[in-house]
Each structure stands twice: as C-alpha cells, then as structure tokens.
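The values are calculated or read from the model by the stated rules, or taken from the named source; none is laboratory data. Treat the numbers as computed from the prediction; the structure is a model and nothing was measured. Ideal geometry is used to build each Cβ from the backbone, glycine not excepted, and the neighbour counts take in all protein chains shown.
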Amino acid sequence: MNARLLSLTRIPSFVPLGCATVVLGVAMSFTAPYLSLFSIQRVGMVPMQLGLFMTVIAASGVAASTWAGKWSDKYGHHRELLLAALVAAAIGFVCLCFITNYWALLAVGMAFLGAGGSAVSLVFSFGRATLPFKNDAERTFATATLRTGLSVAWVFGPSVGALILAAVGFYGLFLFAAACFALCGVVVFRMHSPPTVLATAGVWGAPSAADPAANPTAGSTTETRDRMVAPENDPAAIMSPVGPASAAAQTGSPELTATAPPALWRAIGALTLIGLLANATMIVLPLYIVQGLQGTQINVSVMLGLGALLEIPMMLALGARGAKLNKLRWLGACAVVHAVYFIAVASVTDIPLLIPLQALSAFVVAVTSCLGMTYVQDLMPRSPGEATALFFNSARVGSILSGMLSGVLVATIGYQGTFLFCGVLAAVAWWLFADPEWAFVRRLWARRQKD
C-alpha cells in the first residue's frame with residue numbers, strides 16, 4: 001500500500017491536485033453543517049424558507065455540474081470550469097457575510113453557492129481527464145485516494161468549524177471558507193498539465209475525442225460485468241470489453257447504444273436512493289440521538305467523526321484493488337449492508353450500541369464513493385466530465401428528496417418507522433443494482449397458469 005501511494009506522488013500534478021482536494025473538503029466541511037444554523041439564527045428563516053433555500057442551492061448545483069460536465073467533455077477546458085466554480089463559491093460565502101435579506105440570499109444561493117457546489121465533481125473529472133495514468137488500476141487507486149482526502153477533511157472539519165464559529169461567529173467562518181476556496185483555486189491555477197495530456201479534449205487516455213483512429217485504445221475501460229477478451233495481435237481490440245458496454249466503448253457514449261442506457265440509469269437510480277438515505281441519516285440520526293434517546297451533541301459528533309475516520313482505510317483498500325473488483329457486485333452488497341444498518345438502528349435503543357454500527361455506514365460511503373464513481377465513468381468512457389457530474393448529481397438529487405421526505409416520515413411514523421422505511425429503500429437500491437433475471441418467475445407463472 002505504501003509503495004502504491006508513493007507511486008502516485010510521481011504522477012505529474014497529482015500531489016497539487018490532492019492538496020487542492022483536501023483544501024476543498026476543508027472548506028465544505030466547515031460550512032455545510034452550519035449553513036442551516038446560519039439561515040435560522042442569523043437570517044431568521046422559517047422552516048419553509050430554509051427548505052426552499054437549500055433546495056435552490058442543490059438544484060442549482062445539479063444544473064451547473066451537468067452543464068459543466070457536458071461542456072468539458074465536448075470542448076475540454078476542465079481547469080477553467082473548475083476555477084470558475086471555486087471563484088463562485090468564494091464569492092458566495094463572502095456575500096453571506098454581509099447579506100441577510102432572504103430574497104437576496106436566494107439569488108446568491110442560485111448564482112454562486114450552487115455553482116460552487118459543482119467544484120467537487122469538477123475536481124474529479126479534471127483529474128480523470130488530465131492526469132497521465134499508466135493504466136486503469138492506477139486511475140482507480142488515484143481516484144480513491146483523492147476521495148479519501150475529502151473524508152480526511154470531514155474527520156476534523158466540523159469540529160474545527162464549530163470552534164471558529166464560537167470564536168468569531170458566522171462572519172469569520174464564512175470568510176475562512178471563502179479563503180479556502182480561493183486557495184484551492186490558486187493551487188489549481190498553478191498546476192501544469194503534462195504535454196501528452198494537454199492534447200486531450202476531455203477524454204482520458206486519448207489524443208483526441210473526435211478522432212478515435214488516432215488512438216485505438218481511446219475507449220479503454222473496465223466493465224465490471226464482463227471479461228476483457230481480445231486477440232493478442234489486434235491493437236484496436238485489446239482494451240475493448242465484450243458485453244453490454246462494448247458498444248459504448250466503441251461509439252464513445254453509452255447513450256448512443258441500445259444496451260448501455262438501462263445499466264447506466266439503473267445504477268444512477270440506485271445511487272440516487274443511496275444518496276437519499278445517506279442524507280436522511282445526516283438529518284434524522286442526530287435528532288433521534290438528541291430527542292429520541294436523550295443523548296448529547298457530543299454523542300452526535302463522535303458518531304459522525306468515527307464514520308468519517310473509518311471511511312479512510314476502507315477507501316484506500318478499495319482503491320488499491322478497485323480495478324480487480326466486480327464493482328456492480330460490491331455496489332449491490334453495499335446496498336444490502338445499508339438495509340442491515342437501518343434495521344439495526346431501528347432496533348437499538350442504547351446510544352453505546354449505535355456507535356459500532358457507524359462502521360456499516362462508513363462501508364456504504366466508501367464503496368459508493370470509490371466504486372460507484374468509477375463504475376459510472378466506466379459506463380461512459382468517452383465522457384469523464386459528464387459521468388462524474390452524473391454521479392455527484394445523483395447524490396444531490398437524493399439530498400433534495402431526503403430533505404423533503406425526512407420531516408414528513410418522522411412526523412407520521414416516528415424515528416424507528418423512518419429507519420425501517422429507509423431499509424426498504426436500500427433493498428430497492430439493491431434490486432436496481434442486481435437487475436435480477438425474471439425469466440424464472442415468468443416460467444413459474446406460466447406453469448401455474450397451465451395448472
């Protein structure tokens with residue numbers, strides 16, 4: 001493991017990009033837990049206004065990252081788009097220091113905070129499109145390492161943010177976050193892409209997105225369901241996967257084929273459900289601990305910090321072996337683990353017993369973050385920006401839905417009922433990943449009809 005981590009440092013521009021990712025994670029971990037608190041305490045929003053404010057930010061982020069992903073895959077300019085998102089985020093948080101009018105804040109959220117939220121997906125698509133990886137295994141491990149940087153930031157970020165908030169208030173907290181976004185932008189601006197990668201117009205490992213003949217292995221990808229089979233003397237077929245995704249690799253976009261879109265959209269649907277459940281956990285679990293189990297905020301911080309801490313070794317391990325793993329099966333397994341987690345949380349009434357259960361939640365986050373993103377990218381090998389945006393947008397859409405759904409469920413069926421309902425949704429996510437063959441069911445039904 002140490003040797004592989006050391007090998008990543010030899011990749012041109014990987015270390016600066018890793019530092020930029022950690023700084024970006026710090027900025028987000030400082031602000032995300034306290035934005036709703038700012039809205040209520042400083043601005044005086046009522047719950048309905050807060051819900052609309054957060055929804056506008058999330059929806060703006062979905063639109064911005066989707067547009068940016070498509071633009072970067074078509075025209076390149078990954079660095080410029082990432083810099084624009086970072087500048088927008090910095091401006092947005094500076095505006096929060098001085099603006100308290102609700103309608104003005106809605107405009108700031110739509111124009112700056114939402115656009116700034118696309119920086120997370122853009123930093124990964126930027127790395128995928130510009131860093132000169134030797135092979136798919138190195139690319140998978142590097143992506144997992146970058147994602148680990150975000151988790152490292154979330155281990156200590158919320159606690160440090162609370163100290164800054166207590167010392168200098170929201171004014172200092174948001175200025176510090178704006179400075180972090182600006183610092184991240186400076187690091188990205190000073191990065192130097194290798195000459196062999198500068199020719200890439202948004203396609204990892206290919207000289208030109210518009211000229212497949214220039215590089216017969218431009219559509220290289222690892223399809224998790226299928227084996228890599230090719231004649232040894234056929235350079236154009238060496239990296240061509242056999243199976244449902246092969247047409248996607250050959251035509252350059254899975255949406256142009258008749259077989260790839262179902263697999264892609266099933267995965268996006270399942271990842272959206274998992275994102276919904278993860279955000280619902282962030283909303284409901286602290287309330288359940290404090291109000292339902294009469295716990296303290298220390299109990300909440302311990303659980304959230306422990307989960308983020310456990311994600312780090314899991315992500316590194318998955319990244320090291322990600323190219324050899326069957327991503328689809330692991331994603332299905334993590335959906336099953338998520339269902340078990342919610343059933344266990346609904347059954348436990350003692351806070352000390354909830355703490356070890358966070359290892360299950362950390363496993364889900366690690367698998368979806370490392371393997372989920374690369375699986376979607378594998379299904380869209382010629383569109384790394386759009387694929388990365390699609391992955392992160394599934395989590396954003398899930399967060400929008402969870403915000404609207406969590407309050408209704410807790411009010412109607414209580415905390416235990418909400419967790420059990422989340423377990424059912426996790427089972428649906430497993431079904432989408434598994435895509436079971438229904439031929440056996442149809443044959444059984446036909447036999448019963450004959451009888």
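Things to note:
- L325 being within 18 Å of the chain's Cα centre (by Cα), within 28 Å of G25 (Cα to Cα) and of a type outside the set (S, T, N, Q): no
- Residues that are within 16 Å of Y75 (Cα to Cα) and modelled with pLDDT of 80 or more were ranked within the range 117-126; the one that is farthest from the chain's Cα centre (by Cα) is F126.
- The one condition in (1) more than 21 Å from V120 (Cβ to Cβ); (2) modelled with pLDDT of 85 or more; (3) not small (G, A, S) that V22 fails to fulfil: (1)
- Residue check, A280 under 26 Å from A144 (Cβ atoms), assigned by TED's automatic domain parsing to the domain that holds A333 and either in contact with a Ser or Thr (Cβ under 6 Å, 6 or more places away or on another chain) or at pLDDT 85 or above (or both): yes
- Selection status of Q49, of a type in the set (S, T, N, Q), surrounded by fewer than 16 Cβ atoms within 10 Å (Cβ to Cβ), at pLDDT 75 or above and under 22 Å from W103 (Cβ atoms): no
- Of all residues in the range 137-155 being of a type in the set (S, T, N, Q) and under 13 Å from T374 (Cα atoms), the one that is modelled with the highest pLDDT: T145
- Within the range 97-106, not a single residue is within 14 Å of V123 (Cα to Cα) and buried (at least 19 other Cβ atoms within 10 Å of the Cβ).
- Test: residue in the range 295-306 that is out of contact with any Leu (no Cβ under 9 Å at 6 or more places or on another chain), in contact (Cβ under 8 Å) with a residue 24 or more places away in the chain and within 23 Å of A429 (Cβ to Cβ): no
- Residues that are in contact (Cβ under 8 Å) with a residue 60 or more places away in the chain and closer than 13 Å to L401 by Cα, drawn from the range 34-60: G51, M54, T55, A58, A59
- Failed item, numbered, when A411 is tested on (1) in contact with a Leu (Cβ under 8 Å, 6 or more places away or on another chain); (2) small (G, A, S); (3) over 17 Å from W265 (Cα atoms): (1)
- Yes/no for M28 being part of a helix (DSSP H, G or I) and either in the same structural domain as R382 (by TED's automatic domain parsing) or out of contact with any His (no Cβ under 7 Å at 6 or more places or on another chain) (or both): yes
- Any hit, the range 127-136, residues being closer than 30 Å to I298 by Cβ, without any contact (Cβ under 8 Å) to a residue 24 or more places away in the chain and over 20 Å from the mean Cα position of the chain (by Cα): no
- Any chance S36 is at pLDDT below 80, out of contact with any Gly (no Cβ under 9 Å at 6 or more places or on another chain), assigned by TED's automatic domain parsing to the domain that holds V108 and of a type in the set (S, T, Y): yes
- Condition met for P286 (without any contact (Cβ under 8 Å) to a residue 24 or more places away in the chain, assigned to a helix (DSSP H, G or I), closer than 22 Å to S399 by Cβ and not assigned by TED's automatic domain parsing to the domain that holds T145): yes
- Residue within the range 120-137 that is in the same structural domain as A68 (by TED's automatic domain parsing), of a type in the set (F, W, Y) and within 19 Å of C180 (Cβ to Cβ) present: yes
- Looking across T368, T349, one residue alone is closer than 26 Å to A317 by Cα and either outside the structural domain of R147 (by TED's automatic domain parsing) or more than 19 Å from the chain's Cα centre (by Cα) (or both). It is T368.
- Of the residues in the range 354-377, not one is at pLDDT 90 or above, farther than 25 Å from W154 by Cα and among the aliphatic types (A, V, I, L, M).
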